[in-house]
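Asker: Questions regarding the structure given below will be posed in turn.
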Amino acid sequence: MAAAFPAAAQSNEELLKELRALRERVNELEKKVQQAPAVTPAPPAAGQWGMTPEQARELNRIAVKTEGLQDSMADQGLKGLKISGQMDPTYIYNRAQDNASFVFLNNGDARYTYDNSYFGMAVIDFQKETDSGARWRLTLAPERGTGAIFNNSIVHEASVSIPLTDLQTRLWLGQIPDWTGYEYTLPAQNKLITHNLLFDTMAPSAYTGAVMDVTSGKWWVRGAWPT
């Protein structure tokens, strides 16, 4: 046992020396880290967040193609153009006349009567708004539109609405269906089963001329100068 003590003391002293050397080395490394300038990782390229290079190329290709389609539509005059239509075959039963039949594109004497009015229409509608705010509209309705009633044409509406001082003050020109009643002319917009007698016998079919159209808050005023 006595012979072992000097060896143990020597081993402990060597271990302390190694620990001191290791501590000095750690201190040196900490000083170097503190003195080194901070390095900020570079952000990924713009437009490639979370995307692979293939996905980024595909996105760029779609963007270029979309811009090309928009430019092509503008060059062809299709920007702001809306085309829609409707068909309205209607079954009408008249108890007073003991008559029941489908009404669709009636002509001749059956073109407009008190029980079918504008029901049975086939309509195609073209609307276009330009960058200046002008609104163009052409609505065609053969045999059943307003044109078939007073000038024997397929034109239901042909008009342009031009902004004057602002978009709420407009000059409306052309052939314009009547708007004075609480019922709409086009059957798809009419919530009633039939029109009332005031609509059928008193309301104008359409106006041809100029209309001043003014919207201010909750007020909407229109004044017409028909020809």
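Asker: Roughly speaking, what is the stretch gain from ARG23 to ASN151, that is 0.36 nm per residue apart minus the C-alpha to C-alpha distance, in nm to one decimal?
Answerer: Details: separation 128, 0.36 × 128 = 46.08 nm, distance 10.60 nm.
Length gained, ARG23 through ASN151: 35.5 nm.
Asker: Would you mind getting the Kirkwood hydrodynamic radius of segment 135-191 from its Cα pairs, rounded to one decimal in Å?
Answerer: On the way: mean 1/r = 0.0799 Å⁻¹.
One over the average 1/r among Cα pairs gives 12.5 Å for segment 135-191.
Asker: To the nearest 0.05, how large is the calculated FRET efficiency for THR208 and TYR91 if R₀ is 22 Å and r is the Cβ-Cβ distance? Before the final figure, lay out the partial values.
Answerer: Values: r = 33 Å, r/R0 = 1.51.
The formula returns an efficiency of 0.10 here.
Asker: Short version: ³J(HN,Hα) in whole Hz for each residue of segment 14-23, in order, from phi by Karplus 6.51 cos²θ - 1.76 cosθ + 1.60 (θ = phi - 60°), x for Gly and Pro, what are they?
Answerer: Each residue's phi maps through the Karplus curve to give 5, 5, 5, 4, 5, 5, 4, 4, 5, 5 Hz.
Asker: Go through 14-26, 141-153, 199-211 and give me the packing order, highest mean Cβ count within 10 Å leading.
Answerer: On the way: 14-26: 10.0, 141-153: 19.4, 199-211: 16.1.
Those peptides, ordered most packed to least, come out 141-153, 199-211, 14-26.
Asker: Local charge sum around THR169 (other residues, Cβ-Cβ under 14 Å, Lys/Arg +1, Asp/Glu -1)?
Answerer: Cβ neighbours under 14 Å give a net charge of +1.
Asker: Packing-wise, with mean Cβ within 10 Å as the measure, how do 166-175, 112-121, 54-63 rank, highest first? Spell out each step's value before the answer.
Answerer: Values: 166-175: 15.9, 112-121: 19.8, 54-63: 11.4.
Result, highest mean first: 112-121, 166-175, 54-63.
Asker: Per residue, what accessible area does segment 48-205 have, given a 1.4 Å probe and all protein chains present, in Å²? Write out the running numbers ahead of the final one.
Answerer: Values: 10250 Å² over 158 residues.
I get 65 Å² per residue for segment 48-205.
Asker: Continuing with the same structure: Less than 12 Å Cβ to Cβ from HIS156, Lys/Arg counted +1 and Asp/Glu -1: what total charge do the surrounding residues give? Write down the numbers at each step before the final one.
Answerer: Working: positive: ARG137, ARG144; negative: ASP125, GLU143, GLU157, ASP178.
That sum, taken over residues with Cβ under 12 Å, equals -2.
Asker: In Å and from the alpha-carbon atoms only, list the Rg and Dmax of segment 154-227.
Answerer: That works out to 13.6, 41 Å for Rg and Dmax.
Asker: Given a 1.4 angstrom probe, I'd like the percentage of the accessible area of segment 165-221 that is carbon and sulfur, rounded to a whole number. Kindly include the intermediate steps, with their values, before the conclusion.
Answerer: Numbers: 2470 of 3760 Å².
Taking all protein chains in place, segment 165-221 shows 66 percent carbon and sulfur surface.
Asker: Of the heavy-atom accessible surface of segment 61-158 (probe 1.4 angstrom), what whole percent is carbon and sulfur?
Answerer: Working: 3480 of 6260 Å².
About 56 percent, which is the carbon plus sulfur part of the accessible surface.
Asker: By its C-alpha gyration tensor, with a ≥ b ≥ c as the square roots of the eigenvalues, how is segment 113-166 shaped: rounded for a/c under 1.5, else prolate for a/b larger than b/c, else oblate?
Answerer: Values: a/c = 3.03, a/b = 2.62, b/c = 1.16.
Verdict is prolate for segment 113-166.
Asker: Just to confirm a number: summing +1 for Lys and Arg and -1 for Asp and Glu over residues other than LYS82 whose beta-carbon lies under 13 angstrom from that of LYS82, what do you get? Write out the running numbers ahead of the final one.
Answerer: Working: positive: LYS79, LYS128, ARG135, ARG137; negative: ASP125, GLU129.
Net charge around LYS82: +2.
Asker: Okay, moving on. Go ahead and run the numbers for FRET between ALA63 and ASP131, Cβ-Cβ distance against an R0 of 35 Å, rounding to 0.05. Walk me through the numbers on the way to the answer.
Answerer: On the way: r = 22 Å, r/R0 = 0.64.
E between ALA63 and ASP131, to the nearest 0.05, is 0.95.
The values are calculated or read from the model by the stated rules, or taken from the named source; none is laboratory data. Small disclaimer: the values here were computed from a predicted structure and weren't measured. Don't worry about glycine lacking a Cβ; one is built from the backbone with ideal geometry, like all the others, and counts go over all protein chains shown. Note: accessible area is taken over every heavy atom of the protein model, side chains too, but ligands, DNA and RNA are not part of it. Shrake-Rupley method; radii C 1.70, N 1.55, O 1.52, S 1.80 Å.
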